[in-house]
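Chemist: Handing you a structure now.
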Amino acid sequence: MRSPMPATPSKAEVRQAWRAALAQQPSTALAAFDAAIAEQLRPMATPGQTVLAFYPLRSEPDIRPVLHEWLGSGVRLALPRVESDGSAMSAYGVGADIDSLPESRWGVREPDPSLHPSIPPASLDLALVPGVAFTRTGERLGRGGGHYDRFLASLTDRTLTVGVCRPFQLLDDLPREPHDRPVARVVSGLP
């Protein structure tokens with residue numbers, strides 16, 4: 001179920017192919033992919049751990065049910081926020097209010113730093129990372145801002161980094177630049 005791509009696609013070509021592949025997916029298929037992804041994510045966090053997740057955009061896997069389950073089980077949940085000048089991404093602790101967080105200028109639900117505590121990257125046990133495309137070995141292509149690449153570079157080896165995507169976002173190869181940061185594992189709903 002891989003998207004057709006040129007032998008050596010550019011980042012722009014991969015992003016364009018992803019948008020086309022997403023548009024072709026029926027909502028029932030997306031829901032099935034998301035349910036399979038949720039099943040794989042569920043056991044990855046345990047009570048007492050600190051997890052950086054993401055509040056999904058409509059184009060990303062809907063992991064909200066897992067986030068709510070983790071919150072109810074004693075997992076400390078953090079969500080990212082791109083700072084107002086756009087230069088950095090930081091993690092902030094959130095609670096059951098995740099569905100009512102304000103939207104940023106990019107349409108992403110983000111914690112308010114005046115209401116949510118800052119979470120140091122070194123305290124994260126698990127970091128869930130969205131992306132446009134991944135390889136099975138963890139190479140990642142994001143939306144182009146570099147926020148996750150810079151944040152991933154700030155993490156210690158103790159943090160398990162996990163890319164989250166649907167099966168049609170898995171590619172054999174991706175264009176790569178020196179600043180691109182891979183994830184340790186990819187969850188796509190596939191076995």
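Chemist: Just to be sure, is ARG81 of a type in the set (Lys, Arg), surrounded by 12 or more Cβ atoms within 10 Å (Cβ to Cβ) and either out of contact with any strand residue (DSSP E or B) (no Cβ under 9 Å at 6 or more places or on another chain) or modelled with pLDDT under 95 (or both)?
Modeler: Answer is no for this residue.
Chemist: Give me a count of the residues in region 171-191 that are of a type in the set (D, E, K, R), within 14 Å of the chain's Cα centre (by Cα) and either surrounded by fewer than 19 Cβ atoms within 10 Å (Cβ to Cβ) or at positive phi (or both).
Modeler: The total comes to 1.
Chemist: On to the next question. Within region 47-84, can you find the residues that are farther than 25 Å from THR156 by Cα and of a type in the set (D, E, K, R)?
Modeler: Across region 47-84, the qualifying residues are ARG58, GLU60, ASP62, ARG64, GLU69.
Chemist: Out of the residues in region 77-94 meeting the condition of being touching a Phe, Trp or Tyr at 6+ places or on another chain (Cβ under 9 Å) and not hydrophobic (A, V, I, L, M, F, W, C), tell me which one is nearest to SER123 (Cα to Cα).
Modeler: This residue is SER90.
Chemist: Considering each of ALA29, ALA21 in turn, give the residue that is modelled with pLDDT under 95, over 15 Å from the mean Cα position of the chain (by Cα) and either of a type outside the set (Lys, Arg) or surrounded by 13 or more Cβ atoms within 10 Å (Cβ to Cβ) (or both).
Modeler: Step by step, each of ALA29, ALA21 is checked, and only ALA21 is modelled with pLDDT under 95, over 15 Å from the mean Cα position of the chain (by Cα) and either of a type outside the set (Lys, Arg) or surrounded by 13 or more Cβ atoms within 10 Å (Cβ to Cβ) (or both).
Chemist: Exactly one condition in (1) under 29 Å from ALA32 (Cα atoms); (2) more than 15 Å from the chain's Cα centre (by Cα); (3) crowded, with 17+ Cβ neighbours inside 10 Å is false for PRO121; which is it?
Modeler: Unmet condition: (1).
The values are calculated or read from the model by the stated rules, or taken from the named source; none is laboratory data. Remember, it's a predicted structure, so these values are computed and weren't measured experimentally. Neighbour counts run over all protein chains shown; Cβ positions are idealised from the backbone, glycine included.
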